[in-house]
1. When the residues of segment 76-96 are filtered to those that are farther than 22 Å from residue 20 by Cα and within 13 Å of the ligand (Cβ to nearest atom), which remaining residue is surrounded by the most Cβ atoms within 10 Å (Cβ to Cβ)?
2. For segment 1-21, which positions are in contact with a strand residue (DSSP E or B) (Cβ under 8 Å, 6 or more places away or on another chain) and either surrounded by 15 or more Cβ atoms within 10 Å (Cβ to Cβ) or closer than 18 Å to residue 122 by Cα (or both)?
3. So which residues in segment 32-75 are near the ligand (Cβ under 7 Å from one of its atoms), out of contact with any strand residue (DSSP E or B) (no Cβ under 9 Å at 6 or more places or on another chain) and under 23 Å from residue 104 (Cβ atoms), if there are any at all?
4. Can residue 104 be described as outside the structural domain of residue 197 (by TED's automatic domain parsing), without any contact (Cβ under 8 Å) to a residue 12 or more places away in the chain and either surrounded by 15 or more Cβ atoms within 10 Å (Cβ to Cβ) or under 16 Å from the mean Cα position of the chain (by Cα) (or both)?
5. Look through 31, 50, 16 and report the one residue that is modelled with pLDDT under 95, in the same structural domain as residue 144 (by TED's automatic domain parsing) and within 19 Å of residue 150 (Cβ to Cβ).
6. Count, please, the residues in segment 185-197 that happen to be surrounded by 13 or more Cβ atoms within 10 Å (Cβ to Cβ) and under 17 Å from residue 239 (Cβ atoms).
7. Within segment 120-161, how many residues turn out to be touching a helix residue (DSSP H, G or I) at 6+ places or on another chain (Cβ under 8 Å) and buried (at least 22 other Cβ atoms within 10 Å of the Cβ)?
8. In segment 226-249, how many are assigned to a loop (DSSP other than H, G, I, E, B) and under 33 Å from the mean Cα position of the chain (by Cα)?
Ligand SMILES: NC(=O)c1ccc[n+]([C@@H]2O[C@H](COP(=O)([O-])OP(=O)(O)OC[C@H]3O[C@@H](n4cnc5c(N)ncnc54)[C@H](OP(=O)(O)O)[C@@H]3O)[C@@H](O)[C@H]2O)c1
């Protein structure tokens, strides 16, 4: 007898792995609740070893309570074409730039949640935005629970997802770029790479912890590090003169515009 699964995953790659690892660890799903459809035998084997049922046939996912679409956006048209005529359960899509309307016209799915997770989901510290506006309350709770198992979650409308993509989707790269620049600057000042990295990483973590927990605004925190005529002010003056905040504004705007273009 065929087992019934709660979640059918189409595309068992990097993100599916991260989400399922979190959901299993947090008890949101058990291994037998999940079916992963994935063409790579090697990847199927890895899921099997975790007790997850696998298939090379995407059609099997459509019989589950929910389908998670976790293939690359460029693979999606072929995946949908091969499933033409199937009746889809509620669909959860993490595909960047694929709108609900394009997913609906390709699959005929009646209800679709669009989700934008980010890379740190793979270490349980993700930031995910969810548009679950079409889902019934139980389904909405299921989707939120799934992504809370790999980090934090906010609910947004679909129209806000381009901005989300530009901020938290691409955002990890901005953080890495800033850290890389800070480390290089430390080395330029005579520190070893290792020293500069330790200082930069912990400064980022400590700064973030204070931003989250001190109850002070970001302006108050900047003021707390900036004594008149001191070192911080000297650095901040250069950041301002060289248009750091404008540069961030323009970079996020460029990412949002690109997200919009890609979802056409
Ligand atoms: N990575 C991120 O940080 C991130 C963040 C937000 C959203 N996303 C979205 O998440 C989705 C997955 O990204 P990812 O990074 O996990 O990509 P990925 O690692 O390439 O995963 C996609 C998986 O789909 C498989 N696949 C290819 N053709 C298939 C088919 N016809 N049927 C079923 N599975 C098929 C691929 O197998 P093969 O490799 O063997 O082809 C691969 O295992 C993308 O749509 C992306 O836009 C990713």
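The values are calculated or read from the model by the stated rules, or taken from the named source; none is laboratory data. From a predicted model like this one, the values you see are computed outputs, not experimental measurements. Cβ atoms come from the backbone with ideal geometry, glycine included; neighbour counts cover every protein chain shown.
1. Out of the qualifying residues, it is 80.
2. Restricting attention to segment 1-21, the residues satisfying the condition of being in contact with a strand residue (DSSP E or B) (Cβ under 8 Å, 6 or more places away or on another chain) are 3, 5-12, 16, 18-20.
Scanning segment 1-21 gives 5, 6, 7, 8, 9, 10, 11, 12, 16, 18, 19, 20.
3. Pass one, segment 32-75, residues near the ligand (Cβ under 7 Å from one of its atoms): 37-40, 43, 58, 70-73, 75.
Restricting the remaining residues to those that are out of contact with any strand residue (DSSP E or B) (no Cβ under 9 Å at 6 or more places or on another chain) gives 39-40, 72-73, 75.
Residues satisfying the conditions are 72, 73, 75.
4. Numbers: outside the structural domain of residue 197 (by TED's automatic domain parsing): yes; without any contact (Cβ under 8 Å) to a residue 12 or more places away in the chain: yes; either surrounded by 15 or more Cβ atoms within 10 Å (Cβ to Cβ) or under 16 Å from the mean Cα position of the chain (by Cα) (or both): yes.
The answer is yes for residue 104.
5. Details: 31 fails: modelled with pLDDT under 95; 16 fails: modelled with pLDDT under 95.
Exactly one of 31, 50, 16 is modelled with pLDDT under 95, in the same structural domain as residue 144 (by TED's automatic domain parsing) and within 19 Å of residue 150 (Cβ to Cβ), namely 50.
6. Initially, segment 185-197 is screened for residues surrounded by 13 or more Cβ atoms within 10 Å (Cβ to Cβ), giving 185-187, 191, 195-197.
Going one step further and asking which of them are under 17 Å from residue 239 (Cβ atoms), we end up with 185-186.
Of the residues in that region, 2 qualify.
7. Going through segment 120-161 one residue at a time, the tally reaches 13.
8. Pass one, segment 226-249, residues assigned to a loop (DSSP other than H, G, I, E, B): 226-230, 242-243.
Cutting the leftovers down to under 33 Å from the mean Cα position of the chain (by Cα) gives us 242-243.
The qualifying residues number 2.
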